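Each value in this text was obtained by applying a stated rule to the coordinates, not by laboratory testing. For clarity, every value in this text was computed on a predicted model and none was experimentally measured. Neighbour counts are summed over all protein chains in view; Cβ atoms, including those assigned to glycine, are modelled from backbone coordinates with ideal geometry.
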């Protein structure tokens, strides 16, 4: 399995730095959470990790091998990305959406095999979603679509799994079902998983390590109980909070009743 390392990463879009000297390490079998307010650089960092964006300086490596210059087909076999949500222009079944993960391994004009389609159905079954296989993807609920996208990612047999706010459009129940699935497959398959989240309480419950970003800089990293102190959280989010450590799933972050501040977009 692969380690993912970010080495002193700087990035800008030409209007000022978006990421500033970002360093982090994500290890196999661990769920690493990436937290921060809007416009803190989380999505930009994700795009640098999977080679879509190229940093001004610094680099990202997979088990010591730089991502920059790595062929996209090779990278796609190592790293799977689960976006917030994906729409399909054409009418595809959930099984079709999953089997698309085989594209990087196919030659030009080569079609997926019967075993590929059977494997796609098994990937859905492994996540308890076998009944979705023949349903049209665009007719599914937000939670069902996210399960299909996770199944597609797992069908790639990746070493590294990147999830960009997978709970953004999900209700309370499906947020926990999704993250429980992510944590389970990470542990069972020894994946290196990095997930961006907005809710510190979800991160506390499901992540092993946390990296907190503010204005493109890392302002806290390490195990959840070490990073989730009131001073750090208040600095990052700009509101007063209380942190309790006596809950079964980890610590609990509660805004104080007199919390004030500007809206962060």
Within the set 244, 186, 167, GNM on the chain using Cα springs under 10 Å gives the largest fluctuation to 244
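Between residue 254 and residue 187, take the C-beta separation as r, use R0 = 25 Å, and let me know the FRET efficiency to the nearest 0.05. The partial results should precede the final answer.
On the way: r = 28 Å, r/R0 = 1.14.
So the FRET efficiency works out to roughly 0.30.
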Region 1-143 -> Rg/Rh from Cα coords, Kirkwood Rh, value 1.02
Of all DSSP beta bridges having both residues in the chain, the percent classed as antiparallel (nearest 5) is 55
Full extension between residue 201 and residue 239 adds, at 0.36 nm per residue less the Cα distance, a length in nm of 12.2 nm
Among 232, 192, 15, the residue with the largest mean-square fluctuation in a Gaussian network model of the chain built from Cα contacts under 10 Å is 15
In whole percents, the bins of 5 Å from zero upward hold the Cα-Cα pairs of region 70-211 as 2, 10, 20, 23, 21, 13, 7, 2, 1, 0
Once normalised by the length of the chain, the mean sequence separation of its alpha carbon contacts under 8 Å that are 6 or more apart gives a contact order in percent of 26
Taking a crude spin-label model, label points 7 Å out from Cα along the C-beta direction, the residue 225 to residue 110 distance in nm is 4.9
Highest GNM mean-square fluctuation among 13, 206, 137, for the chain with Cα springs under 10 Å, belongs to 13
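Per residue of the chain, what 222 nm ellipticity follows from adding -39500 (n - 2.57) for every DSSP H run with n ≥ 4, rounded to the nearest 500? Mind dumping the intermediate values first?
On the way: 9 runs with 85 residues, N = 265.
-9000 deg cm²/dmol, from helical runs alone.
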Taking Cα atoms only, helix 114-126 is inclined relative to the longest principal axis of the chain by an angle, in degrees rounded to 10, of 40
If the chain between residue 15 and residue 54 were fully extended at 0.36 nm per residue, the gain over the current Cα-Cα distance would be 12.5 nm
The alpha-carbon center of region 159-191 and that of region 5-40 are separated, in whole Å, by 20
Pseudo-spin-label distance residue 173 to residue 77, built 7 Å along Cα→Cβ, given in nm, is 4.1
Largest-first semi-axes in Å of the equivalent ellipsoid built from the Cα gyration tensor of region 4-255 are 31, 23, 15
